[in-house]
1. How do 137-148, 251-262 rank on mean C-beta neighbours within 10 Å, highest first?
2. From the alpha carbon gyration tensor of the stretch 131-234, can you work out the equivalent ellipsoid semi-axes (sqrt of 5 times each eigenvalue) and give them in Å, largest to smallest?
3. With the crude spin-label approximation of a point 7 Å out along Cα→Cβ, what separation in nm comes out for ALA25 versus THR182?
4. At 1.4 Å probe size, with every protein chain present, just tell me what the per residue accessible area of the stretch 12-115 comes to in Å².
5. Can you check what the net charge comes to around GLU192, using other residues whose Cβ is under 12 Å from the Cβ of GLU192 (Lys, Arg +1; Asp, Glu -1)?
6. Can you give the percent of C-alpha pairs in the stretch 11-125 whose distance is more than 21 Å?
7. Return a whole-number percent for the relative contact order of the stretch 235-315, with Cα pairs under 8 Å and 6 or more residues apart as the contact set.
8. Compute the long axis of helix 237-271 from its Cα atoms, compare it with the longest principal axis of the Cα atoms of the chain, and write down the angle in degrees, 0 to 90, nearest 10.
Amino acid sequence: MALNPTDLYDIRSLLSEEERMIQDAVARFTDEKIIPIIGDAFSEGRFPKELVPEIASMGLLGSSLPEKYGCAGLNSVSYGLICQELERGDSGIRSFVSVQSSLCMYPIFAYGSEEQRMKYLPGMAKGEIIGCFGLTEPHGGSDPLNMKTTAKKDGDDWVINGAKMWITNGNLAHIAIVWAMTDEGIQGFIVEKDMKGFAAQEIHKKMSLRASVTSALFFDNIRVPDANRLPNAKGLKGPLGCLTQARYGITWGPIGAAQACLTEATEYCKTRILFGRPLAANQAIQLKLADMARRITLAQLLSLQLGRLKDAGNMQPTQVSLAKWNNVRMALDIAREARDILGGAGITTEYCPIRHALNLESVITYEGTETVHQLVIGRELTGINAF
Ligand code: TGC
Ligand code: FAD
């Protein structure tokens, strides 16, 4: 029986029937709705907002949260498969879903009051309320404890001042989860875009994640009622807990990007005739394709085991760091290699590798840079904090 080139170890056989159905549904959506438009959207620097209603109606927003809040109540492996299939289309679409689900809906669910959950989550699941997550600041994202944005209590309100940088969905968002330093350490606030003193400014000239909105946020004496403070998050572990959820999904996403690049490079070199034979008949090319398949297989096994650990309630942040580092590095290397195999044709968005390679330059930086994740593992091994 012929093996599936993008699933050489038949990882699919380890999935439940429900997980396979979800993967197939999202794969169809990617093939039919994302892939036909994404090259142009990327070239135009446009987030394809028209896809949001269908993404929402498929239950892909906050998919792991309970049905009580209008969500699909899926397990973590299903969320991972959603990320994988969406990122096979484009990292920007997966980013939209990651931010909405893991960085905005998750903190409201995990740290919010029941009133906050009922107020925001059903609308967010429907895609009617879009969120963004403001942690990174202009002076250095790797060290979020050095936060300059402040929230000062004033009567029943909080007054927030400061700025955030590189915020996905910033100009699309109706609400922002804003992390600010208070007298009791870092706390999270649900800031609504209509609150006086809030401004979002889109960041242009990006060469990466062009089909995604990235913004700077500014807070000028915004008055936020105490009812909009997340009551159950104090200290850096509040935002880091959200990052663990998002980083988990990001371990899966780049597998999809790498699969798309392997598929495109393989098809191309089977029909490209050079020196009287298909490019694919050269050992040097086959070695590259084989290496891609090997690295994709290892990444698939890492993410699946991580997902099973997460569903069993046993996943540790260091394990997420290892998979985020490995899988994004794997995909970035594969996208660059696939681009090379396509020769000159590889530099246009007619083919996917350059778009994926450029996108993965962001993915390797956001949600903790590669170095940050390496240092997390180093600290786990040695017990010495080298940050
Ligand atoms: P440390 O002071 O040791 O820890 C503080 C508290 O947090 C706990 N903790 C975690 N909890 C959950 N998940 C994690 N990953 C956690 N890591 C630490 C820790 O146990 C402690 O709890 P407690 O009870 O003792 O207070 O902080 P640290 O030394 O671990 O942090 C250092 C470092 C560098 C790892 C951290 O600052 C870091 O991760 N920096 C990178 C920042 C980052 O990733 N920013 C991402 C911004 S959001 C984004 O990029 C979105 S892109 C989305 C998209 O478009 O898809
Ligand atoms: P810096 O922290 O300044 O790091 C610069 C370099 O120094 C990196 O190579 C880093 O690895 C290295 N470095 C840092 N510390 C050390 C050390 N101790 N030892 C050795 N090397 C070190 N943030 C949000 O809050 N919300 C979002 O929605 C969001 N979306 C994003 C979307 C995009 C497209 C991008 C590019 C970024 C996004 N970010 C977001 C920000 C992202 O999380 C940060 O870019 C990231 O955390 C790195 O921060 P920085 O860019 O300030 O780099």
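1. Ranking the peptides 137-148, 251-262 by packing returns 251-262, 137-148.
2. Working from the Cα gyration tensor, I get semi-axes of 23, 15, 11 Å.
3. For the pair ALA25/THR182, the computed spacing is 3.8 nm.
4. 36 Å²
5. Spelling it out: positives minus negatives among the neighbours equals +3.
6. Looking at the stretch 11-125, the distances longer than 21 Å represent 38 percent of pairs.
7. Once normalised by length, the contact order is 28 percent.
8. Long axis of 237-271 versus the principal axis of the chain: about 20 degrees.
The values are calculated or read from the model by the stated rules, or taken from the named source; none is laboratory data. As the structure is a prediction and not an experimental result, all values here were calculated from the model. Neighbour counts run over all protein chains shown; Cβ positions are idealised from the backbone, glycine included. Ligands, DNA and RNA are excluded from the accessible area calculation, which covers all protein heavy atoms including side chains. Shrake-Rupley method; radii C 1.70, N 1.55, O 1.52, S 1.80 Å.
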